[in-house]
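All remarks here apply to the structure that follows.
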Amino acid sequence: MANLNVAGSFRDPSGFLFLQDGIIYRQVNRVYKEHYDHLINSGLYKSLVDSGLLIPHEEVDINYAKSDNTYRVLKPEPIDFISYPYEWCFSQLKDSALVTLEIQKEALKYGMTLKDCSAYNIQFRKGKPVFIDTLSFDRYHEGEPWVAYRQFCQHFLAPLVLMSYRDIRLNQLLRVYIDGVPLDLASSLLPFHSRFNFHLLLHIHFHSKSQKHYADKPMRKEMIKKRVSLTSLLGLIDSLESLVRKLKWCPKGTEWDDYYISNNNYILEAINHKKQLVSGFLDRISPKTVWDLGANTGLFSRIASKKGIQTICFDIDPACVEINYLTAVDEGETNILPLLLDLTNPSPGIGWENEERTPFLKRGHADTALALALIHHLVISNNLPLDRIASFFNKICNSLIIEFVPKSDSNVQRLLATRKDIFPNYTQGAFESEFGKLFSIQTSEKIKNSERTLYLMLAKEA
Amino acid sequence: MKGNLETQSVISSAVFSLPPLMFAAYNIHAYIDPGTGSLIIQVLIASFLGALFLLKVFWGKVKVFLNNLFSQFRKGNG
């Protein structure tokens, strides 16, 4: 029986996640009994699950337990695809921060508090952020400060203000700092005028100075004098909430956000024909999951998602992912998840032993991958050989819908305009030959009013 | 700009030189280190933010009351 602990679940003595026969379970240790019982019996669990803020679970047979100190074993509702904060756009991180604060406010109503505010406790389910760590709630005793305040500021507030005030790409700091962006770094990177925002001044600039000042001064626990009343705690949360809510980033000015509007090569007839072909190919293979790589704002991803297929859109451009996510939110789409990903440098394994956060390639597999208007960027802009590209796609999907863009295409000519053409093998023949080694080509169709060809391929058994 | 920085520096020194002993060392049983500096700044700012929060809630109630009053007044005139 395959049975192993989840690599990123070891810090909290309250319990841990483990996999058994491909199903994820959460063990609740006896030490957490009082808190777990209060979560369930107080009605907080029901309230959070009913409002879609907390992942639902069912209690299963205690015999599933992995050790003697077990109080309960839970089977949480599975998440289709695990994503990480450095793969989220601005609004995804902002919505996740607001959900976390909403949960903390709700928890306080029921006499509990969030002891863990890690951004990794949020995942996207049916298009919305949901809190997944059922063991992050502790009994609240009036007077106690919020122990997760530092963590909230580092995991959510600092990256959000940096993205909003300085540069949208600074969310990538989360990939370097697994416990959130250090506040002294955030404070030094923020522009001077950020100090005129009163709440930001308190939660980032003063907070960072306080951390620095007391870094080597232990607090004496027995000297209790001052406390944080419930009203003060609610004031702190309200301040964080209003600060986060007012943060803005307008998705524009990047390379790809107006691709379909400004790109004359993509005349309407070609786009419509490509849509028809993609739709027809999808009908032919009926996948349950689709990964659209280089999805832009999700124009073609939505052909899949509108057929009820679970679709994940990956793109390198934060503006495209932002527009895609906001569209999904506006339209109430539940089976499309836009994520930020550089295919030439996908998210690695990070944390302890490089295993706490799983690398992109180990997080799942698609029934079908879409690679539309992508291959010329991989070959010409990134010098990737065709055989390596075919090998990559063979690892991630069972079937592939891929567009070949020849050198004569005006977009490829643009890529070659400023560099030497060192790609004599970038031909349709070589493309078919290399991909034919790992895929069986089912069909190919020329896209009207363009020089491009769309292929449907099935991965060969390894 | 320099003056602003100096003022901020003076305020920061005054605030952060308060001895840690003044502040709560709570019965903290969380598995995550809340951080001494983070706890102290929280204690320092929370009372003020709590007061602001109460004002906000009070003002919200005043606005609702006034809105109701005006809408009744308009209905009465209509």
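A short reminder: the numbers here are calculations on the coordinates, not readings from a lab. Since we're looking at a predicted model, the values are computed, not measured. All Cβ positions, glycine included, derive from the backbone under ideal geometry; neighbour counts span all protein chains shown.
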Exercise. Helix A:268-285: angle to the longest alpha-carbon principal axis of chain A, degrees 0 to 90, nearest 10?
Worked result: 70 degrees
Exercise. For the range A:274-354, max minus min Cα coordinate along each principal axis, in Å, sorted largest first?
Worked result: 44, 28, 21
Exercise. For the protein assembly as shown, what number results from the quotient of the Cα radius of gyration and 2.2 N^0.38 Å?
Worked result: 1.11
For this session: Rounded to whole Hz and in sequence order, give me ³J(HN,Hα) for the range B:60-67 from the Karplus expression 6.51 cos²θ - 1.76 cosθ + 1.60, θ = phi - 60°, writing x for Gly and Pro.
Result: x, 5, 4, 5, 4, 4, 5, 4
For this session: Amide H neighbours of A:A373 under 5 Å, at least 5 residues apart or on other chains, H built in the peptide plane: list them.
Result: A:E403
Problem set entry | Net charge of neighbours whose Cβ lies under 15 Å from the Cβ of A:Y149, counting Lys and Arg as +1 and Asp and Glu as -1 | -3
Exercise. Among bridges DSSP assigns within the protein assembly as shown, what percent are antiparallel (round to 5)?
Worked result: 65 percent
Exercise. How about the range A:82-144: which GluC sites (Glu not before Pro) there lie in a loop by DSSP and see at most 13 other Cβ atoms within 10 Å?
Worked result: A:E142
Seminar exercise, completed: Magnitude of the Cβ-charge dipole (Lys and Arg +1, Asp and Glu -1) of chain A about the Cα centre, nearest 20 debye, reported as 860 debye
Problem set entry | Cβ-defined net charge surrounding A:R72, 10 Å radius [Lys, Arg +1; Asp, Glu -1] | +1
Exercise. Across all directions of projection, what mean area in square nanometres is found for the Cα convex hull of the range A:378-448?
Worked result: 5.1 nm²
Exercise. What FRET efficiency comes out for the pair A:D80/A:V31, r = Cβ-Cβ distance, R0 = 35 Å, nearest 0.05?
Worked result: 0.65
Exercise. Can you list the residues, at least 5 places off or on another chain, whose amide H is less than 5 Å from the amide H of A:S83, using H built in the peptide plane?
Worked result: A:F124
Exercise. For the range A:122-250, what is Rg from Cα atoms divided by 2.2 N^0.38 Å, rounded to two decimals?
Worked result: 1.15
Seminar exercise, completed: HN-Hα couplings for the range A:79-85 via Karplus (6.51, -1.76, 1.60; θ = phi - 60°), in whole Hz with x for Gly/Pro, come out as 9, 4, 9, 7, 10, 10, x
Problem set entry | In Hz, Karplus ³J(HN,Hα) per residue of the range A:234-248 (6.51, -1.76, 1.60; θ = phi - 60°; x = Gly, Pro) | 5, x, 4, 5, 5, 5, 4, 5, 5, 5, 5, 4, 7, 5, 10
Seminar exercise, completed: Helix A:386-396 sits off the longest principal axis of the Cα atoms of chain A, rounded to the nearest 10 on a 0 to 90 degree scale, by 50 degrees
